[in-house]
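A quick write-up on the structure given underneath.
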Amino acid sequence: MSVVIRPSRLTDSEELGSVHVAAWQAAYRGIMPDDYLDGLDPVANARRRRRNFDDPSRTGTELAAELDGRVVGFSYFGPPRDEVPDGWGELWVINLHPGVWRRGIGTRLFAAAVDGLRDAGYRHGYLWVVADNQRAVEFYRRQGWVSDGATKIDQRFGPPVTEIRCSARLTDQQ
Ligand SMILES: CC(C)(COP(=O)(O)OP(=O)(O)OC[C@H]1O[C@@H](n2cnc3c(N)ncnc32)[C@H](O)[C@@H]1OP(=O)(O)O)[C@@H](O)C(=O)NCCC(=O)NCCS
């Protein structure tokens with residue numbers, strides 16, 4: 001199994017659109033409404049990706065994970081979208097196609113995103129995860145990112161879902 005983590009490309013848009021939708025439909029079934037999940041459209045997702053790829057206001061960095069030459073996942077990280085202390089950067093998203101879960105690829109992609117945050121000068125990392133998404137909570141815990149007590153209610157996907165913030169220090173410096 002050959003895994004490569006690299007910056008995403010415009011030509012990844014279709015594959016990433018499919019990965020994104022498949023990951024959400026598998027991860028959030030039973031947590032978010034079926035109507036919402038079944039309505040997610042890989043073609044529309046890919047179209048949005050193509051449109052946003054060269055957007056100069058885009059501030060984050062996206063990495064793609066390839067398994068044997070096929071794009072199977074992505075992560076996106078960058079400046080915080082919340083009021084957080086100076087020096088905190090955010091992991092906005094990490095998604096893998098469900099067909100490749102639990103093979104260590106998420107760990108590789110996560111490590112590359114953490115390196116990216118560190119290289120960008122962030123000393124602390126944080127992310128939001130849906131509290132009922134136990135698979136992801138457990139994954140992050142394994143990476144050393146644990147709940148720091150902050151929570152929020154997200155209403156973007158239909159009925160409100162509770163999200164918890166997980167965070168970790170990225171450097172020895174405070
Ligand atoms: C979360 C996600 C990125 C993990 O990627 P992955 O490649 O499956 O994870 P890894 O194989 O690297 O797992 C590393 C460790 O995390 C923990 N872990 C991963 N999946 C787990 C699960 N289903 N149950 C319990 N622990 C799990 C384990 O400790 C695992 O180590 P082990 O396999 O040696 O026991 C992937 O499951 C995913 O994309 N999920 C859907 C999208 C999502 O929920 N993203 C997060 C949104 S905030």
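Output yes when any residue across the stretch 131-141 is closer than 16 Å to Trp24 by Cβ, near the ligand (Cβ under 7 Å from one of its atoms) and touching a Ser or Thr at 6+ places or on another chain (Cβ under 9 Å), and no when none is. Yes.
Against the numbered list (1) in contact (Cβ under 8 Å) with a residue 40 or more places away in the chain; (2) surrounded by 12 or more Cβ atoms within 10 Å (Cβ to Cβ); (3) not basic (Lys, Arg), Leu10 comes up short only at (2).
Please go through the stretch 101-130 and pick out each residue that is out of contact with any helix residue (DSSP H, G or I) (no Cβ under 9 Å at 6 or more places or on another chain), closer than 16 Å to Cys166 by Cα and within 13 Å of the ligand (Cβ to nearest atom). Across the stretch 101-130, the qualifying residues are Ala113, Tyr126, Trp128.
For every residue, the table says whether it meets (1) part of a helix (DSSP H, G or I); (2) exposed (fewer than 14 other Cβ atoms within 10 Å of the Cβ); (3) of a type in the set (A, V, I, L, M, F, W, C); (4) under 14 Å from the mean Cα position of the chain (by Cα).
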site	(1), (2), (3), (4)
Trp92	no, no, yes, yes
Gly99	yes, yes, no, no
Gly116	yes, no, no, yes
Glu138	yes, yes, no, no
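Residues in the stretch 55-68 that are free of Cβ contacts under 8 Å to residues at least 60 places away in the same chain and more than 14 Å from the chain's Cα centre (by Cα) were compared, and the one that is most open to solvent (accessible area, probe 1.4 Å) is Pro56.
Here Gly125 does not qualify as crowded, with 21+ Cβ neighbours inside 10 Å, within 20 Å of Ser57 (Cα to Cα) and not polar (S, T, N, Q). Residue check, Pro159 against (1) in contact (Cβ under 8 Å) with a residue 24 or more places away in the chain; (2) away from the ligand (no atom under 16 Å from the Cβ); (3) not in a loop (DSSP other than H, G, I, E, B), all met but one. Which one? With respect to (1) in contact (Cβ under 8 Å) with a residue 24 or more places away in the chain; (2) away from the ligand (no atom under 16 Å from the Cβ); (3) not in a loop (DSSP other than H, G, I, E, B), Pro159 is out only on (3). Is there a residue being assigned to a helix (DSSP H, G or I) and basic (Lys, Arg) anywhere in the stretch 68-77? No, every residue in the stretch 68-77 fails to be assigned to a helix (DSSP H, G or I) and basic (Lys, Arg).
Of all the residues that make up the stretch 18-38, how many are touching a strand residue (DSSP E or B) at 6+ places or on another chain (Cβ under 8 Å) and either in a loop (DSSP other than H, G, I, E, B) or closer than 20 Å to Arg70 by Cα (or both)? So the count comes out to 6. Of the residues making up the stretch 27-38, those that are surrounded by fewer than 16 Cβ atoms within 10 Å (Cβ to Cβ) and touching a helix residue (DSSP H, G or I) at 6+ places or on another chain (Cβ under 7 Å) number 1.
Scan the stretch 39-59 residue by residue and report those that are in contact with an Asp or Glu (Cβ under 7 Å, 6 or more places away or on another chain) and assigned to a loop (DSSP other than H, G, I, E, B).
Correct list: empty.
Please verify whether the stretch 39-54 includes one or more residues that are open to solvent by 20 Å² or more (accessible area, probe 1.4 Å), out of contact with any strand residue (DSSP E or B) (no Cβ under 9 Å at 6 or more places or on another chain) and within 16 Å of the ligand (Cβ to nearest atom). Yes; the residues of the stretch 39-54 include at least one that is open to solvent by 20 Å² or more (accessible area, probe 1.4 Å), out of contact with any strand residue (DSSP E or B) (no Cβ under 9 Å at 6 or more places or on another chain) and within 16 Å of the ligand (Cβ to nearest atom).
The values are calculated or read from the model by the stated rules, or taken from the named source; none is laboratory data. Remember, predicted model here, so these are calculated numbers, not experimental data. Cβ: placed from backbone, ideal geometry, glycine included. Neighbour counts: every protein chain shown. Surface accessibility is based on the protein's heavy atoms, side chains included, excluding ligands, DNA and RNA. Shrake-Rupley method; radii C 1.70, N 1.55, O 1.52, S 1.80 Å.
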